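Asker: Encoded as structure tokens, here's the structure I'll be asking about.
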Amino acid sequence: MALTASPQSSFDGQPGPSTVPAPAPAPQTPSKGSTSTSTITYRGMKVFDVVSAYKRALEDEKVPHPIAAILALVELMEASTAATITGLAQELTVGRQLLVDTQASLGVRAGCQLWERFFALSAGSEDFPAYKRSLIVQGRSFCSVTAPQCRQKIAELAVGFLRDDCTILTHSYSRTVIQTILRAHKQHKRVKVYVTEARPGCLGMRTHQVLTAAGIPCNVVLDSAVAYIMERVDMVLVGSEAVVESGGLVSSVGTYQVALIAKAMQKPFHALAESYKFLRYYPLSQTDLPMPKPPTGEPSIVPLSFPSFAPTGSRSAQPHASGPVAAPPASSTPVSSNTPQALGTPVSVDSAGASLHRVEMTLEMEKLHPLVDVTTPDLIDFIITDLGAPLSPTSVSQYLVAQFSS
């Protein structure tokens, strides 16, 4: 049986993937006396360190989160000492839950759902060692061959939406979007691209580097200038981290506001998504998205929430400057980590000779922001996938139901 990009129900009797799991204790790294570097303690059990395997897979920039999760589960199977299908299934269930509990990416959940569905439907009549080897071979083949082909199929379909001499707006960094634009360029279509800076990660700069190196005209746009530039754009093309059951799109934070502006200005908004990113999950609001788990003992924090108590002392009175300000004297008291600080290179000098600096957010302030948001299905024109014809957002739920019931 070939591994297909379709979701599944949980075969272990636990809550389905559309329910946010209860917070779990953070995994403990092995003690210095541990004899194995591939195991950790999780919920009182010694288990394979699937999180480290997942992170190793992500070191390859071509590997997306769902594929990294599948590779980690395949590595778990390779390291498993289980002698029966039931024992292997139990280890996979623990590994999947460990990934879901510790990684905020919905792509991880999509990959785990896909692999567990494949495992549940692949039970054969051959002996267990041969069955296990077959699963491992098919899993690695899917990740190294089939998954990259999904991206190629999407680019082949999406390039038909790009007419000659069109101007595209894209957000942040998407391998599939870049591959589509590069394909159009190779077909001698004249395309111009605006890409958002995409703070806080500023991944739009990576997109700019790739496209300009290929000779494609590309300008970086401030996130706050999307509405300003939208009238010059023919279409919006974005990538995705996951496509949820409602037909909504989970992608880099800021995608939602780009879609809102595109809708208001009647510009087509298309999303590119591999079918292995489809996920049985139904967020009702932005705060329903999984959040990174804080270290053990610290409370979970909703992105951009206000503190439960007001800061005291002179630090709370620090103003939020909106332009160049004078650099503080060397003897002044350090400001709070959540207060904008005068950073960077002096940009001008005032009449008194004091250097002026641009005010920037601190690293701690950036960490308060979410990394992804949900774009609602009413803002999306088409979701272009490797399944063939482009899907309307309402078709996503129908597709998932059909796959889930098979």
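Asker: In square angstrom, what is the accessible area per residue of the range 45-149 with a 1.4 angstrom probe? Walk me through the numbers before you get to the answer.
Answerer: On the way: 4090 Å² over 105 residues.
For the range 45-149, the solvent-accessible area averages 39 Å² per residue.
Asker: Let me check against my output: what whole-number percent is the relative contact order of the range 45-149, with C-alpha pairs under 8 Å and at least 6 apart?
Answerer: About 33 percent, as a whole number.
Asker: Now for a different question. Kindly sort L391, L88 by accessible area of their heavy atoms, largest first, with the probe set to 1.4 Å. Before the final figure, lay out each step's value.
Answerer: Details: L391 30, L88 0 Å².
Sorted descending by solvent-accessible area, the residues read L391, L88.
Asker: Rounded, prolate or oblate: which fits the range 205-267 when a ≥ b ≥ c are the square roots of the eigenvalues of the alpha-carbon gyration tensor, with rounded for a/c under 1.5 and prolate only if a/b beats b/c? Don't jump to the answer; show the numbers that get you there.
Answerer: On the way: a/c = 2.10, a/b = 1.30, b/c = 1.62.
Oblate is the answer for the range 205-267, as a/c is 1.5 or above yet b/c matches or exceeds a/b.
Asker: If the cut-off is a Cα-Cα distance under 17 Å, which aspartates and glutamates reach K132, setting aside same-chain residues fewer than 8 apart in sequence?
Answerer: E75, E78, E91, E116
Asker: How do K263, K189 stack up against each other in accessible area, from largest to smallest, with a 1.4 angstrom probe?
Answerer: The most accessible residue leads, giving K263, K189.
Asker: Separate question: Taking a 19 Å limit on the Cα-Cα distance, which of the listed pairs K62/K277; K62/K153; K192/K267; K153/K186; K153/K277 fall beyond it?
Answerer: With Cα atoms farther than 19 Å apart: none of K62/K277; K62/K153; K192/K267; K153/K186; K153/K277.
Asker: Could you list which residues have their amide H under 5 Å from that of M235, counting only those 5 or more apart in sequence or on another chain, with H placed in the peptide plane?
Answerer: When sequence neighbours closer than 5 places are left aside, the close amide H contacts are T167, L169.
Asker: Per-residue accessible area for M235 at 1.4 Å probe radius, Å² rounded to 10?
Answerer: Only protein atoms counted, so the area is about 10 Å².
Asker: Now, a different point. Report, to the nearest whole %, how much of the accessible area of the range 45-149 belongs to carbon and sulfur atoms, 1.4 Å probe, protein only.
Answerer: Accessible surface attributable to carbon and sulfur in the range 45-149 totals 56 percent.
Asker: So, one more: Pull up the cross-link candidates among the aspartates and glutamates for K263, meaning alpha carbon to alpha carbon under 20 Å and not fewer than 8 places away within one chain.
Answerer: Correct list for K263: D223, E231, D234, D373, D378, D381.
Asker: Let me ask you something else. Let me make sure I get this right: for the range 151-264, a, b and c are the square roots of the gyration tensor eigenvalues over alpha carbons, sorted descending. Under 1.5 in a/c it's rounded, otherwise prolate if a/b > b/c, else oblate. Which is it? Mind dumping the intermediate values first?
Answerer: Numbers: a/c = 1.42, a/b = 1.18, b/c = 1.20.
Rounded, because the longest to shortest axis ratio a/c is under 1.5.
Asker: Keeping every protein chain present and rolling a 1.4 Å probe, give me the accessible area per residue for the range 189-291 in Å². Walk me through the numbers before you get to the answer.
Answerer: Numbers: 4130 Å² over 103 residues.
Heavy-atom accessible area per residue stands at 40 Å².
Asker: Can you give the accessible area of S246, probe radius 1.4 Å, in Å² rounded to 10?
Answerer: Surface open to solvent at S246 totals about 30 Å².
Asker: Going by the alpha-carbon gyration tensor, a ≥ b ≥ c the square roots of its eigenvalues, is the range 45-149 rounded (a/c under 1.5) or, if a/c is not under 1.5, prolate (a/b greater than b/c) versus oblate?
Answerer: The shape class here is oblate.
The values are calculated or read from the model by the stated rules, or taken from the named source; none is laboratory data. Only a predicted model underlies this, so the values are computations on that prediction, with no experimental measurement involved. Heads up: the accessible areas ignore ligands, DNA and RNA and are worked out on the full protein's heavy atoms, side chains in. Shrake-Rupley method; radii C 1.70, N 1.55, O 1.52, S 1.80 Å.
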